[in-house]
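Colleague: Quick one: structure below, then a few questions.
The values are calculated or read from the model by the stated rules, or taken from the named source; none is laboratory data. Computed from a predicted model, the values in this text were never measured in an experiment. Here Cβ is always computed from backbone atoms with ideal geometry, including for glycine, and neighbour counts include all displayed protein chains. For the accessible areas, the whole protein counts, side chains as well, though only heavy atoms, and no ligand, DNA or RNA atoms are used. Shrake-Rupley method; radii C 1.70, N 1.55, O 1.52, S 1.80 Å.
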Amino acid sequence: MSIHLTSTLDPTQITSSGRRWHAQVSLYRANKPARSKLRQRQPLHARPVSQLASLFDFARPKPPKLPPASEPEFQSWLEKRGLPRQQVDLADTGDAGRGLVARQRIKQNEALLRVPEGLLLTAEAALSEAKLGKLLRKAGVPAWSALATLLVEVRHDEASSSSRWGPYIAVLPATCGCVLEWPRNEVSQLLRGSPALRQAQELIAAADSSWQELEGVISEAEESGLVQPGIYTRQAYTWAFSMLLSRLVRLPGRGDEEALIPWADFLNHSSTAGSFLDFEPSSSSVILRPSAAVPQGAQVFASYGEKSNAELLLSYGFLLDTNVHDCYRLTLSAPARDPVSTRRPSSQPPASDQLVQEALHVPHCEAKLAALERLQRSREASFPLRTSGTPQGLLQFAAFLAAGDKQGIGPADVDGLAELLLGSAGFAGVSKRQELERAGAQQVSDCCRAALKQYPRPLAEEQDFLAAANRRAGEAGGVGGGKDTPTQAAAKRAFWASSIRVQEQKILHRTIFILQESYGLSAAKRALAQRV
């Protein structure tokens with residue numbers, strides 16, 4: 001579980017695999033969904049994804065349940081470690097699995113959860129206790145590698161008696177369903193066409209790099225007899241990295257230090273929650289204060305950030321029935337100065353965002369790259385497309401890229417155009433505003449159509465595929481909690497991936513339609529958008 005992160009990944013700032021993993025671990029956060037009501041009379045193919053996801057229990061991945069024998073030991077451990085009496089209780093919340101519910105009515109902004117500083121599992125705590133701690137310090141590995149190493153070695157000791165963190169690590173789930181646990185051959189297949197494919201590949205590559213950094217430390221420890229061979233394996237670290245991806249919390253109140261926080265791990269996520277965990281120095285505790293009053297007996301939620309369903313799937317392996325932050329992340333960029341270095345080999349399958357870039361038309365590219373550098377702006381910008389309309393800044397950036405001789409913009413005009421369009425004035429400060437807005441709208445529309453072509457099947461066929469995947473997963477069954485067979489787990493992943501493809505295509509079609517209606521683009525294309 002992770003809370004509240006606003007930073008984004010800038011590939012140009014990655015100088016080591018360790019920092020790459022840090023950026024990725026911090027970037028993707030998620031948790032468990034809640035059920036929505038269904039309208040039962042619609043045919044399957046006509047229903048939104050959220051309704052299809054509610055038809056069977058398998059369709060909403062069930063969060064792993066704590067082993068009953070571990071629960072009393074864990075609760076006792078929390079009390080001995082100084083956890084004060086809480087205003088929330090651990091309870092079975094139904095479809096959302098285990099969660100925290102209010103013992104009594106809790107006022108807005110009242111501290112309802114307190115976890116003392118001594119219960120925070122930080123990198124320093126891991127380095128101090130791990131058998132490989134001294135070697136890890138010497139190697140200068142990043143915080144998450146230290147935490148992962150402690151998780152691996154404590155989990156290996158089934159009794160967990162040798163570590164003060166044993167009772168906590170013992171109740172961590174065997175799997176969480178994140179993309180690090182997927183078979184590698186499924187990743188590109190299931191995420192084809194989606195921007196999530198690039199994100200998934202970055203996560204996997206970052207985890208691989210972190211493992212490569214640790215291999216030398218592990219070999220040295222085994223050769224010296226410090227630890228026994230066969231404990232610190234790639235498989236064990238995959239589990240540990242998955243736990244960190246889904247549970248690590250960044251605490252602004254401690255200088256953005258990251259930690260695992262026992263007890264707070266039980267907080268479930270809601271896309272509409274406005275509450276975040278953070279450390280408060282005045283009480284030396286991690287606190288959660290609700291953004292609205294919580295009735296007695298109601299479940300308490302925390303926000304894990306504005307995450308789309310694709311991001312939730314990569315992080316936790318589940319989807320939300322209702323996600324106000326669901327989006328298609330469209331990336332636009334001016335071509336690099338060296339086109340040879342970015343050219344795609346003919347034998348290499350294209351990524352969705354790469355084909356979107358190929359659909360871009362950028363006149364006077366050299367002048368525009370120079371203008372972006374002077375303004376200290378990246379040549380690349382990402383925008384979350386939603387069905388409600390175009391995001392702020394999208395049309396301005398697209399118009400800047402598209403502006404050329406047809407709009408009366410020459411190389412000498414680019415600097416001034418960049419200052420206006422990409423500044424606070426936007427379109428209001430430019431001449432020929434209508435022509436520029438239309439050029440930006442056409443640019444975005446062309447990119448959306450290029451993105452749609454990359455999915456394995458068009459929307460209508462994907463909706464039929466989703467209904468069939470729903471049935472197959474229902475027939476396969478499964479109980480979740482890491483106990484599904486490979487066939488059951490694969491059927492669920494196929495359903496979830498299809499539901500993402502359906503929603504993303506709907507967003508792209510809706511964006512095209514909005515732009516055509518607003519800026520009078522091709523009538524034939526507008527009619528097509530209305531049909532779909």
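Colleague: Tell me, please, whether a residue that is farther than 29 Å from Val171 by Cβ, modelled with pLDDT of 90 or more and crowded, with 19+ Cβ neighbours inside 10 Å can be found in the range 515-530.
Modeller: Within the range 515-530, one or more residues are farther than 29 Å from Val171 by Cβ, modelled with pLDDT of 90 or more and crowded, with 19+ Cβ neighbours inside 10 Å.
Colleague: Here is a follow-up. Please work out which one of (1) assigned to a helix (DSSP H, G or I); (2) open to solvent by 10 Å² or more (accessible area, probe 1.4 Å) is the condition Tyr237 fails and give its number.
Modeller: Single failed check for Tyr237: (2).
Colleague: Moving on to the next point. Is the range 110-126 home to any residue that is hydroxyl-bearing (Ser, Thr, Tyr), in a helix (DSSP H, G or I), touching a residue at least 24 places away in the same chain (Cβ under 8 Å) and within 29 Å of Phe318 (Cα to Cα)?
Modeller: Filtering the range 110-126 for residues hydroxyl-bearing (Ser, Thr, Tyr) gives 122.
Going one step further and asking which of them are in a helix (DSSP H, G or I), we end up with none.
No, the range 110-126 has no match at all.
Colleague: Can you tell me which residues in the range 242-279 are free of Cβ contacts under 8 Å to residues at least 60 places away in the same chain and either among the acidic types (Asp, Glu) or assigned to a loop (DSSP other than H, G, I, E, B) (or both)?
Modeller: Selection gives Gly255, Asp256, Ser271, Thr272, Ala273, Gly274, Ser275.
Colleague: For the range 247-272: of the residues being of a type outside the set (D, E, K, R) and open to solvent by 50 Å² or more (accessible area, probe 1.4 Å), which is nearest to Cys178 (Cα to Cα)? It would help to see each step written out before you state the result.
Modeller: Filtering the range 247-272 for residues of a type outside the set (D, E, K, R) gives 248-249, 251-253, 255, 259-264, 266-272.
Now narrow it down to the ones that are open to solvent by 50 Å² or more (accessible area, probe 1.4 Å): 252, 255, 272.
On the way: Pro252: 25, Gly255: 27, Thr272: 22 Å.
It comes out as Thr272.
Colleague: I need the full set of residues from the range 435-494 which are open to solvent by 50 Å² or more (accessible area, probe 1.4 Å) and of a type in the set (Ser, Thr, Tyr), in order please.
Modeller: Thr485, Thr487
Colleague: Looking only at residues in the range 330-349 that are at pLDDT 60 or above and open to solvent by less than 80 Å² (accessible area, probe 1.4 Å), which one is farthest from Leu452 (Cα to Cα)?
Modeller: Residue satisfying both the conditions and the ranking: Ala336.
Colleague: Restricting to the range 390-429, give me the number of residues that are open to solvent by less than 20 Å² (accessible area, probe 1.4 Å) and either acidic (Asp, Glu) or not in a loop (DSSP other than H, G, I, E, B) (or both).
Modeller: So the answer is 14.
Colleague: Here's a check for you: in the range 273-314, which residue that is in contact with a His (Cβ under 9 Å, 6 or more places away or on another chain) and over 30 Å from Val502 (Cα atoms) is least open to solvent (accessible area, probe 1.4 Å)? Steps first, please.
Modeller: The first filter runs over the range 273-314 and keeps only residues in contact with a His (Cβ under 9 Å, 6 or more places away or on another chain), leaving 276-278, 301-309, 311-312.
Remaining after also requiring over 30 Å from Val502 (Cα atoms): 276-278.
Working: Phe276: 73, Leu277: 2, Asp278: 47 Å².
The residue in question is Leu277.
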